[in-house]
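Where a number appears in this text, it was derived from the coordinates with a stated rule and is not lab data. As the structure is a computational prediction, the values presented were derived from the model and not from experiment. Because the Cβ atoms are built from the backbone with ideal geometry, glycine has one as well, and the counts that use them run over all protein chains shown.
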């Protein structure tokens with residue numbers, strides 16, 4: 001237990017044990033990185049491996065940043081995967097080469113900014129819809145986003161007629177597939193997004209409101225916070241991030257289909273939970289979200305390296321979520 005000072009206040013615990021308790025997600029990440037390095041005989045520390053990890057996890061990072069903010073407000077979003085799938089399909093349809101006879105808009109050559117605008121608007125509208133359903137429709141976030149997940153899935157199949165949206169312009173693909181020196185573009189986009197989310201959460205009134213709503217929505221309302229407006233805002237911000245993720249994913253893959261981003265909601269929720277964003281609301285940081293994404297990335301890399309079947313990898317992810325939420329609840333139950 002922490003010691004009391006002469007004034008009667010509780011003195012914070014110090015030492016290695018206190019550091020590990022406070023930075024569990026960081027310690028877990030470092031430990032897994034070292035373990036993976038030992039298993040691969042150092043190959044995982046080589047730049048090509050690090051670069052591949054950044055590329056593989058960049059799109060998931062956008063989704064994690066979005067749902068992380070929602071969970072801070074004690075919400076949840078199950079629509080991520082299909083919203084990103086729909087966005088990728090919409091963006092890809094405006095980025096197809098004009099001479100591709102099977103294109104959704106055959107013979108049309110759209111400017112390069114249009115796929116991003118269309119994709120981000122699509123993601124933002126779904127985020128707005130989720131927020132309105134939760135804030136003003138009074139629907140549980142679980143039910144509301146489960147419904148919009150199905151709506152996004154239906155729109156994707158109707159819009160594409162269940163066909164693959166391929167033959168994208170090289171200039172569009174380069175935005176996701178290119179690099180600035182040795183650093184992949186995707187990693188730079190994530191870095192920029194992280195700065196924006198960090199500023200939003202830590203240095204704006206709206207960010208403070210998100211934490212207050214997650215901590216105690218009734219108390220936040222009494223203190224003058226417009227809970228409904230802030231709830232709509234956080235879901236809309238998340239939708240915009242999903243929109244960016246979908247646009248970049250289409251460029252990275254060079255196509256979009258009905259399986260694009262399949263299961264991304266599981267990856268994103270697992271990542272932020274491992275990263276220390278509490279399911280009870282009011283707790284979480286941008287850095288924790290990113291560490292959670294990288295931690296899951298290392299786990300995926302390690303399982304692939306060890307030849308673990310992809311079906312078993314899904315089992316592992318499920319158990320990770322269960323374990324992370326369990327220990328999260330135990331941790332904050334002790335504090336309270």
Among 94, 142, 110, 62, which comes first, second and so on when ranked by fewest other beta-carbon atoms within 10 Å? 142, 110, 94, 62
Find the eigenvalues of the gyration tensor of the Cα atoms of segment 46-262, then list the square roots of 5 times those eigenvalues as equivalent ellipsoid semi-axes, largest first, in whole angstrom. 32, 21, 13
Could you give the distance between the Cα centres of segment 97-153 and segment 197-255, to the whole Å? 18
Rg (Å, one decimal) plus Dmax (Å, integer) for the alpha carbons of segment 57-171? 15.6, 48
Report the dimensions of segment 111-240 along its three principal axes from the alpha-carbon atoms, largest first, rounded to Å. 54, 39, 22
Tell me, 321, 240, 213 in order of fewest to most beta-carbon neighbours within 10 Å? 321, 240, 213
As I understand it, the value is the acute angle between the Cα axis of helix 205-215 and the longest principal axis of the Cα atoms of the chain; what does it come to in degrees, rounded to 10? 60
Fewest-first sequence of 294, 38 by Cβ atoms within 10 Å of each Cβ: 38, 294
Output the 0 to 90 degree angle, nearest 10, between the alpha-carbon long axis of helix 185-203 and the longest principal axis computed from the alpha carbons of the chain. 40
Taking the alpha-carbon centre of each part, the distance from segment 260-329 to segment 27-86 in Å is 8
Given Cα pairs under 8 Å that are at least 6 residues apart, what percent is the relative contact order of the chain? 30
For segment 218-281, just list the percent of Cα-Cα distances falling in each 10 Å bin from zero outward, please. 17, 35, 31, 13, 4
Helix 227-253 vs. the chain, principal-axis angle (Cα, 0 to 90°, nearest 10): 50
Only Cα pairs under 8 Å and at least 6 apart count here; give the relative contact order of segment 29-187 as a rounded whole percent. 29
Once you have the Kirkwood Rh of segment 163-203 from its Cα pairs, apply Stokes-Einstein at 20 °C and 1.002 mPa s and quote D in µm²/s. 176
